[in-house]
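Contents: one structure, followed by commentary.
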Amino acid sequence: MSDTKHLNNSVPDKAAVKKYLLSLQESICEKLAIADGGKSFLEDSWERAEGGGGRSRVIVDGNVIEKGGVNFSHVYGKQMPASATAHRPELAGRGFEAMGVSLVIHPKNPYVPTSHMNVRFFIAEKEGEEPVWWFGGGYDLTPYYGNREDCIHWHQTAKNACDSFGSDLYTRFKKWCDDYFYLKHRDEARGVGGLFFDDFNELGFNQSFNFLQAIGNSYVDAYIPIIEKRKEMDYSEREREFQLYRRGRYVEFNLVFDRGTLFGLQTGGRTESILMSLPPLVRWEYNYAPEAGSPEADLTNNFLPAQNWV
């Protein structure tokens with residue numbers, strides 16, 4: 001984590017960040033709708049009584065996407081929420097602004113992975129003191145059936161987005177992603193990872209903002225080629241049942257561990273937008289274990305354990 005002096009080595013431009021985030025939401029929705037080839041995103045704007053609001057875009061029962069949401073939010077308040085001060089207690093008592101784009105795509109076909117992406121900006125301010133700001137975000141992939149080609153493509157795209165900003169960034173943020181998207185009560189990763197970063201300001205505002213844009217812009221390059229390769233694959237009820245079972249892990253993580261979910265609920269955000277990340281259908285099966293040597297066991301044994309993909 002950077003110290004406060006290094007945090008404030010350039011002046012943050014909140015308006016520029018907001019403009020970019022809104023354009024990113026627009027661009028991602030356009031490209032995902034083309035990849036779906038059937039439905040477009042419906043827009044739902046909302047306001048928060050305590051300050052701010054957002055713009056939710058949702059697609060339901062498309063040709064490819066069973067449910068997807070791409071949410072922009074910009075909220076502000078006089079007191080930092082507990083989820084933010086838990087790992088930054090020195091910021092308690094400051095006012096805050098938080099803005100970001102967060103998305104989750106749940107495809108119909110079990111051979112198309114679920115994907116998640118989030119990019120965000122946070123600034124904490126107090127009269128008479130310098131503002132404290134940072135960026136956060138990343139993206140991660142949750143396959144139901146493992147495919148090494150997809151994993152390599154996903155991680156190589158993430159690495160390419162990082163490399164011009166620092167040779168160590170991909171390695172750092174890949175490990176952070178592996179550690180973060182981990183279900184401790186299951187002793188199991190949620191998926192095959194990607195990138196996760198928070199409290200990021202070490203490059204100064206301009207370059208840190210450029211880095212955020214590189215990550216946000218590379219998401220569709222990482223995900224849409226996988227959609228195109230897998231969306232026409234044949235599947236049976238067996239694969240569909242396993243997909244619904246594995247979606248249960250997604251629900252467990254988002255409701256128990258996810259910082260963004262907790263932050264949204266603790267700041268009085270719009271519940272429908274916060275929980276749009278949850279899949280439309282899911283199942284839990286008591287004491288399930290995949291058959292040894294099966295494709296289902298292959299996911300657990302050979303894809304979910306953290307490993308170097310590039």
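None of Val70, Val75 is assigned to a strand (DSSP E or B), farther than 30 Å from Pro110 by Cβ and either open to solvent by less than 60 Å² (accessible area, probe 1.4 Å) or modelled with pLDDT of 95 or more (or both) except Val75. Condition first: open to solvent by 70 Å² or more (accessible area, probe 1.4 Å), without any contact (Cβ under 8 Å) to a residue 60 or more places away in the chain and outside any helix (DSSP H, G or I). Now tell me which residues in the range 296-310 satisfy that. Selection gives Asn308 alone. Among the candidates Leu141, Leu169, Leu91, Leu103, the residue that is closer than 15 Å to Gln213 by Cα and not charged (D, E, K, R) is uniquely Leu169.
Scanning the range 176-203 for residues that are open to solvent by 10 Å² or more (accessible area, probe 1.4 Å), of a type outside the set (Asp, Glu) and under 30 Å from Val11 (Cα atoms) yields Trp176, Tyr180, Phe196, Leu203.
Scan the range 260-280 residue by residue and report those that are touching a His at 6+ places or on another chain (Cβ under 9 Å) and open to solvent by 20 Å² or more (accessible area, probe 1.4 Å).
The answer is Leu278, Pro280.
Of all residues in the range 28-67, those being small (Gly, Ala, Ser), in contact with an Asp or Glu (Cβ under 7 Å, 6 or more places away or on another chain) and modelled with pLDDT under 95 number 2.
Of all residues in the range 17-66, those satisfying the criterion of being open to solvent by 40 Å² or more (accessible area, probe 1.4 Å), over 28 Å from Asn201 (Cβ atoms) and not aliphatic (A, V, I, L, M) are Glu30, Lys31, Gly37, Gly38, Lys39, Ser40, Glu43, Asp44, Ser45, Glu47, Asp61, Asn63. Condition first: open to solvent by 10 Å² or more (accessible area, probe 1.4 Å), closer than 23 Å to Phe196 by Cα and at pLDDT below 95. Can you find one or more residues in the range 112-126 that meet it? Looking through the range 112-126, at least one residue is open to solvent by 10 Å² or more (accessible area, probe 1.4 Å), closer than 23 Å to Phe196 by Cα and at pLDDT below 95. Whenever a residue of the range 39-66 is within 15 Å of Ile274 (Cβ to Cβ), its partners that are of a type in the set (A, V, I, L, M, F, W, C) and open to solvent by 90 Å² or more (accessible area, probe 1.4 Å), lying with C-beta atoms within less than 6 angstrom and at least six residues away or across chains, give the pairs Val58/Leu42. When restricted to residues that are in contact (Cβ under 8 Å) with a residue 60 or more places away in the chain and either at positive phi or assigned to a loop (DSSP other than H, G, I, E, B) (or both), the range 279-295 contains 3. Residue count for the range 103-124 satisfying the condition of being touching an Asp or Glu at 6+ places or on another chain (Cβ under 6 Å), in a loop (DSSP other than H, G, I, E, B) and over 16 Å from Leu32 (Cα atoms): 1. Number of residues in the range 159-200 that are touching a Ser or Thr at 6+ places or on another chain (Cβ under 7 Å), among the hydrophobic types (A, V, I, L, M, F, W, C) and closer than 28 Å to Val256 by Cβ equals 1.
Flag: Ile227 does not match the condition of being touching a residue at least 40 places away in the same chain (Cβ under 8 Å) and within 14 Å of the chain's Cα centre (by Cα).
Looking across the range 136-167 at every residue that is outside any helix (DSSP H, G or I) and hydrophobic (A, V, I, L, M, F, W, C), the one that is surrounded by the fewest Cβ atoms within 10 Å (Cβ to Cβ) is identified as Phe165.
The values are calculated or read from the model by the stated rules, or taken from the named source; none is laboratory data. Since the model is a prediction, treat every value here as computed from it, not as a measurement. Ideal geometry is used to build each Cβ from the backbone, glycine not excepted, and the neighbour counts take in all protein chains shown. Surface accessibility is based on the protein's heavy atoms, side chains included, excluding ligands, DNA and RNA. Shrake-Rupley method; radii C 1.70, N 1.55, O 1.52, S 1.80 Å.
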